[in-house]
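J.: There's a structure below that I have some questions on.
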Amino acid sequence: SIGKAFRRQIVRGAQVADKLDEKWERVSDGLRDKSRCDPNTNRRLYDNGKRRDGTSIGNPGLGELCTPEPLKPLDTSLVRDMLSLAEKSALGVSPGVSATALATKIQETKGLVRPSFDRSLENASTEDEKSRGLSNFELYATLRSINAQLGGSKAATRAFQLAWGKELIQSYAPNANRDDFVTPFPEKVEEELSDVDYDKNSLLDALGKLTVFLGKMKSGGVIGYSELSIPYDDYGSVVTVALDDYSPIGAEILLSEQGLGEGPMQAVLRALLADAGIRGELSTFYIDPSTTRQEAYRPTQL
């Protein structure tokens, strides 16, 4: 029948796509030059080759760090404080929800999902690994509960994200400004922002606050390393934020897959853009900077 033939074509097309993906994974991993290290970013590079005129083909991939920075032990009190601010923000944007109701919902969610997280903790070999697993559990349960209390409303969820982001910035980077902004490509900033349709100083102030905030997250072991850059030739229309060894990544991937919200970093970025008066889109990617092979893929970078 036409229906069966159509479905067979779809299956064949998917199989071809899968094979092409597998081939590209092997090729792209082969292009990763283990001996090359970008002097500005301290990252491995993909060598995509050269054109006849000597120019590079494509942009180098954002690879793993050549000299990894040790991840500091997780400061669990920092995580608790961030989640307390999340609860405070949720109550602030939803007057109809009481603190008691939210606390009850969080406890109910913990009871529901704890067995799954407990199984994942069985392989933890150190106390720090256990702390990270428990923090992922707390983050997931809290944000899932907040989403439920907000009724899944997109408008309420966005208001919560903005409020939470503002609380996080006020708590960890209240006085930061453009002078605190750190990037591997400082000489490119003025050139890239020379002709933009927004206030570049407002953006630089936002990036200064983000730099300080991420520094606090690094000191608390929430992230291992951060990199902020304004990619060359995008004319100030793109800002890239890379967070290596991002501890809450497991909980955030689960929340994302279930459509239950975003994490603290997205909240901070949304709040900073709003405060700077800059309209734009926020795209999140969960990356394994060491490989592109699906069978070995284990995201650690946001």
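The values are calculated or read from the model by the stated rules, or taken from the named source; none is laboratory data. Not measured: the values here are computed from a predicted model. Backbone-built Cβ (ideal geometry, glycine too); neighbour counts: all protein chains shown. These accessible areas exclude ligands, DNA and RNA; they are computed on the full protein's heavy atoms, side chains included. Shrake-Rupley method; radii C 1.70, N 1.55, O 1.52, S 1.80 Å.
J.: Any residue in the stretch 262-280 that is assigned to a helix (DSSP H, G or I), polar (S, T, N, Q) and within 28 Å of PRO70 (Cβ to Cβ)?
T.: yes
J.: Can you tell which of ARG132, ARG158 is assigned to a helix (DSSP H, G or I), charged (D, E, K, R) and surrounded by 17 or more Cβ atoms within 10 Å (Cβ to Cβ)?
T.: Just a single option satisfies the conditions, and that option is ARG132.
J.: Give me a count of the residues in the stretch 135-155 that are open to solvent by 30 Å² or more (accessible area, probe 1.4 Å) and either part of a helix (DSSP H, G or I) or touching an Asp or Glu at 6+ places or on another chain (Cβ under 9 Å) (or both).
T.: 6
J.: Let me ask something else. For residues in the stretch 161-188 being touching a Phe, Trp or Tyr at 6+ places or on another chain (Cβ under 8 Å) and either in a helix (DSSP H, G or I) or not hydrophobic (A, V, I, L, M, F, W, C) (or both), which is least open to solvent (accessible area, probe 1.4 Å)?
T.: Among them, the one singled out is LEU168.
J.: While we're looking at this one, here's another question. Quick check: is even one residue across the stretch 241-254 surrounded by fewer than 16 Cβ atoms within 10 Å (Cβ to Cβ) and touching a helix residue (DSSP H, G or I) at 6+ places or on another chain (Cβ under 7 Å)?
T.: no
J.: Quick check, is LEU78 farther than 22 Å from LYS216 by Cβ and surrounded by fewer than 19 Cβ atoms within 10 Å (Cβ to Cβ)?
T.: no
J.: Tell me the residue from SER219, SER229, SER135 that is modelled with pLDDT under 90 and either polar (S, T, N, Q) or within 19 Å of the chain's Cα centre (by Cα) (or both), please.
T.: Being modelled with pLDDT under 90 and either polar (S, T, N, Q) or within 19 Å of the chain's Cα centre (by Cα) (or both) holds for just one of SER219, SER229, SER135, which is SER229.
J.: Taking the stretch 232-259 as the search range and keeping residues that are among the hydrophobic types (A, V, I, L, M, F, W, C) and in a loop (DSSP other than H, G, I, E, B), which one is modelled with the highest pLDDT?
T.: Among those residues, the one meeting the criterion is VAL239.
J.: If the Cβ limit is 8 Å and pairs must be 6+ apart or interchain, which residue in the stretch 114-143 that is more than 15 Å from SER77 (Cα to Cα) pairs with which residue that is open to solvent by less than 20 Å² (accessible area, probe 1.4 Å) and not in a helix (DSSP H, G or I)?
T.: LEU143/GLY263
J.: How many residues does the stretch 260-297 contain that are basic (Lys, Arg), modelled with pLDDT of 85 or more and surrounded by fewer than 17 Cβ atoms within 10 Å (Cβ to Cβ)?
T.: 1
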